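Remarks on the structure that follows.
What follows is calculated from the coordinates using simple rules that are stated; it is not laboratory data. Quick caveat: nothing in here was measured; it's all calculated off a predicted structure. So basically every Cβ, Gly included, is an ideal-geometry build from the backbone, and we count neighbours across all protein chains shown.
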Amino acid sequence: MVGVSAAAALAVAPSVAGAKPAGTDTPVTAKVSLTVNGQRRELELDLRTSLLDAAREHLHLTGSKKGCDHGQCGACTMIVDGRRINACLTLAVMHQGSEITTIEGLGQPENLHPMQAAFIKHDGYQCGYCTPGQICSGVAVLDEIKAGIPSHVTADLNAPMQVTEAEIRERMSGNICRCGAYSNIVEAMTEVAGRKA
Amino acid sequence: MKFDTPAGRNPIDRLKVVGRPTDRVEGHLKVTGTAPYAYEWHDPRASLAYGVIVGAGIAKGRVSALHLDEAKAAPGVVAVVTHENAGPLGKGAFYVQRFLADPKVDHYHQAVAAVVAETFEQARAAAALVRVDYVSEAGRFDLAAQWDTAPVPPESASGGPPESVVGDFEGAFAAAPVRLDETYTTPDQAHAMMEPHATIASWDGDRLTCHTSIQQMNWGVRDLALTLGIPKNRIRLLSPYIGGGFGGKGTVQADLALAAVAARLVGRPVKVALQRTQMFNATIHRPATIQRIRIGATRDGRITAIGHDSLNGNLPGGRTEPTTASTKPFYAGANRWTRLRLATLDLAEGNAMRAPGEAPGLMALEIAMDEMAERLGMDPVAFRVLNDTQVDPMQGGIPFSTRPFVECLRTGAKRFGWDRRASRPATLRDGRWLVGMGMAGAIRAAKIATSGARVRLDGRGVVTVEVDMTDIGTGSYTIVAQTAAEMMGVGLDRVVARLGDSDFPETPGSGGQQGGPSVTAGVYAACLKLREAVAQRLGFNSDDVAFADGMVRSGNRAVPLGQAAQAGDLVAEDTIEFGDLSKRFAQQTFGAHFAEVGVDADTGEIRVRRMLAVCAAGRIINPKAARSQVIGGMTMGIGAALMERMDVDKRRGFFVNHDLAGYEVPVHADIPHLDAVFVDEVDPTMSPMKAKGVGELGLCGVAPAVANAVYNATGVRVRDYPVTLDKLLDRMPDAA
């Protein structure tokens, strides 16, 4: 009943007043309002629906991938209210009113985000399945460094934070790429960071 | 076309498009999340239901009772598929695993039921309400316990004879002045591709269409037909995008079989993905091995005897891991003996994972070579150079088609700075790090097989290629397009490559690193036919026509290519077939891997600091994608060296660490900049493309290079993969 308590905590009124536990009666659903890639979306969702499944199965935004469904691979990474998160580890109803950017919102095939273009140029991918998560993470990581948020490998917390290969590798380690494009991804991110600076 | 004599000069040799490091043609779709993978096909008209599989909670025995009432009564549930309502289910021709306990249970997490409901959440919740009673039987889960008793298996269709002998191994080994006799173990490994096995199945009358994720479309159709007991021509499989495979998606797995069964049962399309936690025990994996290697040599380092005895386990009828494949042709030596043995284990099926045979075989052999070099007081590179052979010592001395192994070794040694390696282990320090260098050789069979293609030219001059080949991240779309562009004399922007549809001409698909060379050769053959059709349509003498820059030229006439299709599309189809060149020449790919590691002198923590691969694989059709294949193999090889192992619970009989937190694969922080280069060569005995595959070569030899570097850093020899710090700590050199 995690869904119900989480929903209650966020003061979302279930549209079906259900005191019975889910699994024995009609599922409890709630109206959820999200801003996804700049568009307001209203959904009626099972309280158990993850943010990832809300995007993939309800909004048909399948760019965010399901690799493990429990926060171990990073393929589902989205940028929510400015921070990257594993969308499989959070329920959609916990994001009432959130601003969500998925890979589809970063850029489109004819209008690529610089990080997307850099991944193509440096071949920072192979099968492509972890790629949207890597790119969302990559964009957010550069913002985190710019914002001065430290990582495990940040040596000097008082000095201006640098985009080093060690920082990129540490911060990107929640995004697994089994094809093994890491070396190329670091090069893509380094190039984008340089362009920004 | 039949390819039975080595290729001469042909249009590919112009290298205007082929051989160039072009970006992937489908890249813009992958980086924007718009490439559709199996679970993601959306048809607003379809009344789709969701299936969630329930896996067996025992390793061996049978289901004695299924309690389904609660699950069936749960909200949204449409049906519960079990052996009681699934109908008879066969199995495929490649895997021995069965897709549903019936009620016999063969291995842990074998599917017992699939719950179908209106939504994923409902199906998942109801799956948790399925209760199963089992009667357990004792199983066999301990490979090492069968070392003394396991038999030699019958010869398999693909692996060659399980035992091979040249000369008198025992006699020569006993007489050799310098000898090595050591045993190595490699663990059960998981493919752990990022996209879980997934299928959307829908029936239209007796015709079945499945969006799925498999590497070999022809095997998939064959095996699904066998499983369901229906003719192949009623099945269409679509896998245009596959989120990694590494051999683990060769053909039908439980998601595809049960989605098809469920969709038939409920009369609606059903989508099923294996949960990540099910993948490790419910599908196939690379089986653990125990390998005894014996090498005898003269005092000046010439190998006189080489022996390799290898054991793995499998479900009854399962395949033997051909670890000796690399030992047979790699090094010289007049007296040779190799043997494979197969134990019976009641664990999930062991089967192909990237470079089956060579990858685990070289993990053992290339440590043994390192140890032997040390016993001889020789440099490991020099020892390998000395024992190079230009003929296959196990195949009656037939010549290698090309074998620039020594060039790989020498180029790598120079580029890596091998001369800075300390020959005595545990003598180089960098602060708290003990630093070492290691290297290993690589060899992997260069297979090639019958492959078809269809090419279409339209009035705009656009060439469309259709093949049932898959792109699992390898670059198939791009090299297919490059081949057609080169042949038809157009730019890549005038070519459309369509892959992953079982209705397209048959290819070997992605496996055994034969996909790339085979499929491009098939496209070459079809394009030759299209060139003839174009010439004929334009009234040219087809012997004297040039295709370049989007134009067709003959004598003084030059016509835009598209003009040949003004009156209607021109379509050509052909299949390339291969003669006996693979019997007249030993066709292999070669490489050399170099690694530098740091080992924390106090904690034993191992970090790879840099790596280099030098590879020889014939013509490299796209150096950018090929390099990515190699650095991807190096990444996977670092995993094999340092972290990857499925742990067997020998009491209950299953792989314990069955998710991505417990089964550790390399992450960004584990991988330094990786360097990979290719030897400049072509192999005319392979095909008109003169190319070989490279995707599996990139993994071969990586893990032992890292293991040898750890030895060089610490002086601690680990023969039991993965090389983890607990195996170093009690033998580490004095930190003071």
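Using a simple spin-label model with pseudo-atoms 7 Å out from Cα toward Cβ, residue B:236 and residue B:566 lie 3.4 nm apart.
For a straight C-alpha distance cut-off of 22 angstrom, the lysines reachable from residue B:583 (same-chain residues fewer than eight places away being disregarded) are B:2, B:328, B:447, B:690, B:692. What pairs in B:16/B:414; A:66/B:249; B:624/B:727 have C-alpha atoms more than 29 Å from each other? Violating the 29 Å limit, Cα to Cα: B:16/B:414; B:624/B:727. Taking 0.36 nm per residue of sequence separation and removing the Cα-Cα distance, the residue B:677/residue B:548 pair yields an extension gain of 43.4 nm.
The distance from the alpha carbon centre of the stretch B:152-196 to that of the stretch A:43-66 is 49 Å, rounded to a whole number. DSSP bridge analysis restricted to the protein assembly as shown gives an antiparallel fraction near 75%, rounded to the nearest 5.
Structural descriptor for chain B: relative contact order 17 percent, calculated from alpha carbon pairs under 8 angstrom and at least 6 residues apart.
Partner shielding of B:669-682 amounts to 3, given as the average count of beta-carbon atoms from other chains within 10 Å of each residue beta-carbon. The stretch A:63-135: which GluC sites (Glu not before Pro) are DSSP loop and have at most 13 other beta-carbon atoms within 10 angstrom? The qualifying sites are A:110.
Seen through its C-alpha gyration tensor, with square-root eigenvalues sorted a ≥ b ≥ c, chain B comes out oblate because a/c lies at 1.5 or above while a/b is not bigger than b/c.
Report note on the peptides A:76-87, B:508-519: ranked by the mean count of other C-beta atoms within 10 Å, highest first, their order is B:508-519, A:76-87. By the Stokes-Einstein formula, at 1.002 mPa s and 20 °C, the stretch A:114-196 with its Kirkwood radius over alpha-carbon pairs has D equal to 168 µm²/s. Comparing mean-square fluctuations of A:121, A:31, A:65 from a GNM of chain A with C-alpha springs under 10 Å, the top value falls on A:121. Which of the lysines could be linked to residue B:104 by a straight reach, that is with a Cα gap under 19 Å, when you skip same-chain ones fewer than 8 residues away? In chain and number order, the partners are B:60, B:91. Listed peptides B:680-690, B:482-492, B:721-731 appear in the order B:482-492, B:680-690, B:721-731 once ranked by packing, highest mean of other Cβ atoms within 10 Å at the front. Measuring r between the beta carbons of residue B:181 and residue A:96 and using R0 = 60 Å, the FRET efficiency lands at 0.30.
At 15 angstrom or more along the helix axis (alpha-carbon based) and mean Kyte-Doolittle of -0.5 or higher, what helices does chain A contain? Whole DSSP H runs only.
Span-like helices, by this rule, are A:131-146, A:182-196.
Ranked by the mean number of other Cβ atoms within 10 Å per residue, highest first, peptides B:624-632, A:66-74 order as B:624-632, A:66-74. Per residue of B:119-125, other chain Cβ atoms within 10 Å of the residue Cβ number 6 on average. Label sites at residue B:10 and residue B:70, each approximated as a point 7 angstrom past Cα along Cα to Cβ, lie 6.4 nm apart.
Within chain B, the whole DSSP H helices whose Cα atoms reach 27 Å or more along their own axis and whose mean Kyte-Doolittle score is at least 0.0 are B:515-538, B:623-642.
Averaged over peptide B:24-30, the number of partner chain Cβ atoms lying within 10 Å of each residue's Cβ comes to 6.
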